[in-house]
Amino acid sequence: MPEVHTGSYKEAILFLVTAGIVVPLFHRLRISPVLGFIGAGALLGPFGLGRLSEQYGWVSLFTIGNRTEIAHLAEFGVIFLMFMIGIELSWERLRTLRRLVFGLGSLQVICSALVIGAILFGLKVPLAGAVIVGIGLALSSTAVVLPVLAEQRRLNTPTGRASFAVLLFQDLAVAPALFAIAVLGRTDGANMGGALALALAQAAVALVLIVVAGRLALRPLFQLVARTKSTELFMAACLLVIVATALTAAASGLSMTLGAFVAGLLLAETEYRRAIEATIDPFKGLLLGVFFVSVGMNLDPAQLVAAPGAILGLSLALLLIKAVVVLMAAPALKIARPVALETALLLGPGGEFAFVLIGGAVATGLVPEEVGAAALIVTTVTMIMIPGLAALGRRIGQRAASRQLGRARAEPPPDRQQNRVIVAGYGRVGRQVGEMLARHKIPYLALDADAARVAEQRRLGNPVYFGDSANAELLRRCDIATARALVVTLDNPRAVEAVVAAARAERPDLTIVARARDARHATALYDLGVDDAVPETIEASLQLSEAVLVDVGVPMGLVIASIHERRDEYRAMLRRKETDTRPVFRARRTVGKHAEPREAPRDAKDGKETPVSRTA
């Protein structure tokens, strides 16, 4: 039996133990595990317990000494991260967030990189090094910011969407930056232009070959693997594609991460995208943990102790520069100030790709070693500060929102005007209704209970006022007595019913159109007295039907006529349900503070009223 050298497995065992302790502990403390991996790397690395291994031999059992092996695994962590970024990148997502991605994202990266690079160039850092360090420090941490927002359940808030959009643009910017470093690292100043042209041509040929081969081979490969219904074989195919594409790109003179990114883009177009994401995600998380451990291993606490003031000052300067850029760019993109403040603090710290870009530039000699070391220390320190900055940003944003709330409440009531439409709720649906009313030159005003949204829409010149649409006094101040109609666009079914009940009590003859969750909710709204209830599910099915009928060649006129006919059939059916079921519910029905009297059922044969039992 061959002899087993346990020392060969020491690093792997230490990392698995670290992962087993760090992930559950930090998850319980609601702190990103990334910070735990960095701290573990600093503790177990050569600048932590490794300093004591020469004096105390037994300490070496608890230190990571083989930095080369860890570096190789860490590189695969970044490769898997870039692959996941590529496969999660969809044209639909880019189209939806294009204003923030290519607007706020590009301004943040370009302006931050220019300011930081100019400062470094003024400090006698070579131009290429200043530019690379500027780009590296301009990037933020996707691996920490998004989990922090997810933990707070704020990914779908305006702050979450703005932060995600900027991080998405930063991820897109990494691939060309890595290519530029690879090209510059292989050229000298004498023949820069010729070498750059040759590298670009070689890279273009390699990318074309990878894309063509991927389009021809990837889908048939995964179809063949999927027919086996073998989870293990599917996993092996995923790993094969990532590693093979990364190595092919590296052999062509490109970076391995760029090859993995292209592979992700190609697989994002296939029907196997979701299955691949679920298969690769555990590998990505584990290997990224190795990457952050390697980051912590390069963190020398002695440097922090030797110059804490300088490192803290540089860290605060980085936060300030990036935050000011976001705050200055936000008004141009009509981003509310509370959202801009929170986003600025979340994106101010450095990110994981700074280690990739700056570390690669130091290895190729483009960035002086002392400049690169200082930049990486600043990046690490600021990444550790992200959870605290997120909490601070949320508190500042809440204070700013409260000030906007005060301003919104102090907004003077709307001018008295007759024959005006009232829109209850001015979110996504309400804005669309308002835009259509304005297009047809029909006067309207909108009510919304979100102070930040009201303040933002007031700045845009829209007639939006703060308040609860179910408040009868507020409806009177909005001249509901002379209003032309009321449109209720709120997404909360109970809130919609409360507004309808309050409005119907004020104006029995008012035309009320309300948004309904589904057919059952629409029936309940008809029971409350709305003139039209628009169920989201039914309208979505009608729009899909219209699109497919037009696409298969049915004339537009016939399609529109049939869709209107079907919509009338649905409306009649829902009204009939309301009429048929009303006699059944004989108990008093209460909505908010408004109660409806019981209604006596009618005999099924002659329609006469029958007495209601006392026990009913």
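What the table shows:
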read-out	value
Identity of the residue in the stretch 461-482, crowded, with 23+ Cβ neighbours inside 10 Å and of a type in the set (Gly, Ala, Ser), that ends up nearest to the chain's Cα centre (by Cα)	SER469
When residues of the stretch 268-305 are limited to those that are more than 29 Å from VAL22 (Cα to Cα), of a type outside the set (Lys, Arg) and under 21 Å from the mean Cα position of the chain (by Cα), the one surrounded by the fewest Cβ atoms within 10 Å (Cβ to Cβ)	GLU269
Qualifying residues in the stretch 437-451 (those that are of a type in the set (A, V, I, L, M) and assigned to a loop (DSSP other than H, G, I, E, B)) - the one surrounded by the fewest Cβ atoms within 10 Å (Cβ to Cβ)	ILE442
Residue within the stretch 171-184 that is among the charged types (D, E, K, R), modelled with pLDDT under 80 and either touching a strand residue (DSSP E or B) at 6+ places or on another chain (Cβ under 7 Å) or on the phi > 0 side of the Ramachandran plot (or both) present	no
Qualifying residue in the stretch 325-339 (condition: in contact with a Phe, Trp or Tyr (Cβ under 9 Å, 6 or more places away or on another chain), in a helix (DSSP H, G or I), at pLDDT below 85 and surrounded by 15 or more Cβ atoms within 10 Å (Cβ to Cβ))	no
Candidates ARG67, ARG154 - the one that is in the same structural domain as PRO349 (by TED's automatic domain parsing) and at pLDDT below 70	ARG67
Qualifying residue in the stretch 342-363 (condition: under 18 Å from VAL34 (Cα atoms), of a type in the set (Phe, Trp, Tyr) and within 21 Å of the chain's Cα centre (by Cα))	yes
Given (1) at pLDDT below 75; (2) over 21 Å from the mean Cα position of the chain (by Cα); (3) surrounded by 13 or more Cβ atoms within 10 Å (Cβ to Cβ); (4) assigned to a helix (DSSP H, G or I), index of the condition TYR9 fails	(3)
Flag for ARG394 being modelled with pLDDT under 80, over 17 Å from PHE466 (Cα atoms) and part of a helix (DSSP H, G or I)	yes
Some residue of the stretch 294-317 being in contact with a Ser or Thr (Cβ under 6 Å, 6 or more places away or on another chain), farther than 16 Å from GLY39 by Cα, at pLDDT 80 or above and assigned to a helix (DSSP H, G or I)	yes
Of all residues making up the stretch 437-459, the number that are basic (Lys, Arg) and closer than 18 Å to THR489 by Cα	1
Contacts under 8 angstrom Cβ, first residue in the stretch 283-303 being more than 8 Å from GLY77 (Cα to Cα), partner of a type in the set (Lys, Arg) and at pLDDT below 75, 6 or more apart	SER294/ARG67; MET297/ARG67
Selection count where residues are of a type in the set (Asp, Glu) and over 21 Å from ALA175 (Cβ atoms), scope the stretch 256-280	1
Subset tally (residues that are β-branched (Val, Ile, Thr), modelled with pLDDT under 80 and either surrounded by fewer than 17 Cβ atoms within 10 Å (Cβ to Cβ) or not assigned by TED's automatic domain parsing to the domain that holds ASP468 (or both)) for the stretch 493-548	1
Exclusive hit being under 17 Å from ILE377 (Cα atoms), more than 16 Å from the chain's Cα centre (by Cα) and in a helix (DSSP H, G or I), set ILE119, ILE135	ILE135
From the options ASP491, ASP532, ASP479, residue that is closer than 24 Å to ALA438 by Cβ, touching a Gly at 6+ places or on another chain (Cβ under 8 Å) and acidic (Asp, Glu)	ASP491
Output for the stretch 550-565, where each listed residue is assigned to a helix (DSSP H, G or I) and either modelled with pLDDT under 80 or loosely packed, with under 13 Cβ neighbours inside 10 Å (or both)	ASP551, MET556, GLY557, LEU558, VAL559, ALA561, ILE563, HIS564, GLU565
Residue tally, condition among the hydrophobic types (A, V, I, L, M, F, W, C) and at pLDDT below 80, over the stretch 441-453	2
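Residue by residue, here is whether (1) within 27 Å of ALA336 (Cβ to Cβ); (2) part of a helix (DSSP H, G or I) holds:
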site: TYR465; (1), (2): yes, no
site: ASP468; (1), (2): yes, no
site: LEU474; (1), (2): yes, yes
site: LEU486; (1), (2): no, no
site: ALA502; (1), (2): no, yes
site: LEU510; (1), (2): no, no
site: ARG520; (1), (2): no, yes
site: ALA524; (1), (2): no, yes
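To keep it simple, each residue is scored yes or no on (1) surrounded by fewer than 21 Cβ atoms within 10 Å (Cβ to Cβ); (2) assigned to a loop (DSSP other than H, G, I, E, B); (3) of a type outside the set (D, E, K, R); (4) in the same structural domain as VAL144 (by TED's automatic domain parsing).
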| residue | (1), (2), (3), (4) |
| --- | --- |
| ILE358 | no, no, yes, yes |
| ALA361 | no, no, yes, yes |
| VAL367 | no, yes, yes, yes |
| GLU370 | yes, no, no, yes |
| ALA390 | no, no, yes, yes |
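The values are calculated or read from the model by the stated rules, or taken from the named source; none is laboratory data. Keep in mind that what you see is a predicted model, and the values were worked out from it rather than measured. We place every Cβ from the backbone using ideal geometry, glycine too, and count neighbours over all the protein chains shown.
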